[in-house]
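Heads up, the thing below is written out as C-alpha cells.
The values are calculated or read from the model by the stated rules, or taken from the named source; none is laboratory data. In this text, all values refer to a predicted model and were calculated from it rather than measured experimentally. FYI the Cβ positions are ideal-geometry reconstructions off the backbone, even for glycines, and counts take in every protein chain you see.
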Amino acid sequence: MTRAPAGFQPLPAASPFNQLMGPLRAKRGEGSISLGLRVARKHCNSRGICHGGVLATLADLALGYALMARTGSRAGFVTAHLDIDYAGAAELGDWIQSEAEVQRVGSRLAFATGYLCAGGKRIVRMSGIFALPGRVAG
C-alpha cells in the first residue's frame with residue numbers, strides 16, 4: 001500500500017532536508033496538524049525497519065508543525081530540546097502518523113508532547129521544548 005489514509009494531503013517540503021525525508025503528508029484540523037509518512041526503502045536501516053533517526057526527525061517536525069498550527073506562526077520554531085523514547089518499530093510500507101499536543105506557549109519557549117503511531121500502536125513517545133521565532137536567547 002502506497003496511498004495515505006483519508007484526509008492526509010501532500011505537505012510541501014519547507015527545506016531540501018524535508019524533501020529528502022519525505023514525501024510527508026499532513027492532516028489539518030482547527031489549530032492542529034498530524035504529519036504522516038509511508039516508510040520507504042530509503043527510510044530503513046540494515047535490519048529492514050524504519051531507522052531511529054527518521055523517527056526522531058519526524059518527531060521533531062511533528063512537534064514543530066503542531067506549534068505552528070496552534071499559534072498560526074509561519075516563522076517556525078527552533079528546537080531547544082527533543083526527547084524521544086522508542087517503544088516499537090515500523091517496517092517497510094507501514095504508515096506512521098503523529099499525535100501531538102501543545103502544552104504551553106510562553107513568551108520565549110513553547111512545549112509540546114505526543115506520539116508517533118504505526119499500525120494502531122504507539123511506537124515513539126516524543127516531547128520537545130522550542131524557542132519562539134525571533135526570541136532565541138543568545
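If I filter region 104-123 for residues that are in a helix (DSSP H, G or I) and either surrounded by 19 or more Cβ atoms within 10 Å (Cβ to Cβ) or modelled with pLDDT under 95 (or both), do I get at least one hit?
No.
Take region 49-100 and flag every residue that is farther than 27 Å from G31 by Cα, out of contact with any Gly (no Cβ under 7 Å at 6 or more places or on another chain) and not in a strand (DSSP E or B).
Within region 49-100, H51, G52, G53, A87, G88, A89, A90, G93 qualify.
Which pairs do you get when a residue that is of a type in the set (F, W, Y) and surrounded by 10 or more Cβ atoms within 10 Å (Cβ to Cβ), found in region 1-20, comes within reach of a residue that is in a strand (DSSP E or B) and at pLDDT 90 or above, reach meaning Cβ atoms under 7 angstrom, with the pair 6+ apart or on two chains?
If the second residue must be in a strand (DSSP E or B) and at pLDDT 90 or above, the pairs left are F8/R25; F8/A26; F8/K27; F8/G36.
Can you give me the number of residues within region 85-103 that are farther than 21 Å from P23 by Cα and either touching a His at 6+ places or on another chain (Cβ under 7 Å) or surrounded by fewer than 16 Cβ atoms within 10 Å (Cβ to Cβ) (or both)?
Summing the residues that are farther than 21 Å from P23 by Cα and either touching a His at 6+ places or on another chain (Cβ under 7 Å) or surrounded by fewer than 16 Cβ atoms within 10 Å (Cβ to Cβ) (or both) in region 85-103 gives 6.
Which numbered condition trips up M1, out of (1) assigned to a strand (DSSP E or B); (2) at pLDDT below 90?
For M1, the failing item is (1).
Tally up the residues in region 64-105 that are hydrophobic (A, V, I, L, M, F, W, C) and without any contact (Cβ under 8 Å) to a residue 40 or more places away in the chain, please.
Summing the residues that are hydrophobic (A, V, I, L, M, F, W, C) and without any contact (Cβ under 8 Å) to a residue 40 or more places away in the chain in region 64-105 gives 4.
Here's the yes/no breakdown for (1) at pLDDT below 95; (2) more than 18 Å from L132 (Cβ to Cβ); (3) touching a Ser or Thr at 6+ places or on another chain (Cβ under 9 Å):
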{"position": "L20", "(1), (2), (3)": "yes, yes, no"}
{"position": "G36", "(1), (2), (3)": "no, yes, yes"}
{"position": "K42", "(1), (2), (3)": "no, yes, no"}
{"position": "L55", "(1), (2), (3)": "no, yes, no"}
{"position": "A59", "(1), (2), (3)": "no, yes, yes"}
{"position": "A80", "(1), (2), (3)": "no, no, no"}
{"position": "A90", "(1), (2), (3)": "no, yes, no"}
{"position": "I96", "(1), (2), (3)": "no, yes, no"}
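I need the full set of residues from region 30-60 which are closer than 25 Å to D85 by Cβ and exposed (fewer than 13 other Cβ atoms within 10 Å of the Cβ), in order please.
Answer for region 30-60, where residues must be closer than 25 Å to D85 by Cβ and exposed (fewer than 13 other Cβ atoms within 10 Å of the Cβ): K42, N45, S46, R47, G48, G53.
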